[in-house]
Amino acid sequence: MSQQIIVYTDYVCPFCLLAEEAIVQATDDMGVEIRWRPFELRPAPVPLNVF
């Protein structure tokens with residue numbers, strides 16, 4: 001029986017995708033199934049007034 005890792009990631013944030021390659025490399029040749037689940041971190045984003 002293989003182990004399973006469930007990764008919850010924000011599908012809007014481009015920085016969350018940076019973890020994908022690291023997770024795949026870390027579990028390479030370990031017989032681990034990686035399951036990706038969407039997660040919306042900020043469902044109602046408010047523009048930031050930083051200017």
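Observations on the model:
- Net charge over other residues, Cβ less than 10 angstrom from the Cβ of Cys13 (K, R count +1; D, E count -1): -1
- Nitroxide proxy distance, nm - points 7 Å out along Cα→Cβ at Tyr11 and Glu33: 2.1 nm
- Protein accessible area in the chain, 1.4 Å probe - carbon and sulfur %: 62 percent
- Alpha-carbon Debye profile of the chain, log10 I(q)/I(0) at 0.15, 0.20, 0.22 Å⁻¹: -0.53, -0.76, -0.85
- Where labels lie 7 Å past Cα in the beta-carbon direction, separation of Ala19 and Gln3 in nm: 1.7 nm
- Calculated mean residue ellipticity, 222 nm, the chain: -5000 deg cm²/dmol, from DSSP H runs (n ≥ 4) at -39500 (n - 2.57) each, averaged per residue and rounded to 500.
- For Thr9, distant residues with modelled amide H under 5 Å away: Arg37, Phe39
The values are calculated or read from the model by the stated rules, or taken from the named source; none is laboratory data. Everything numeric here is computed off the predicted structure, so don't read it as measured data. Every residue, glycine among them, receives a Cβ derived from its backbone with ideal geometry; neighbour counts consider all protein chains shown. The area values use the complete protein model at the heavy-atom level, side chains included, leaving out ligands, DNA and RNA. Shrake-Rupley method; radii C 1.70, N 1.55, O 1.52, S 1.80 Å.
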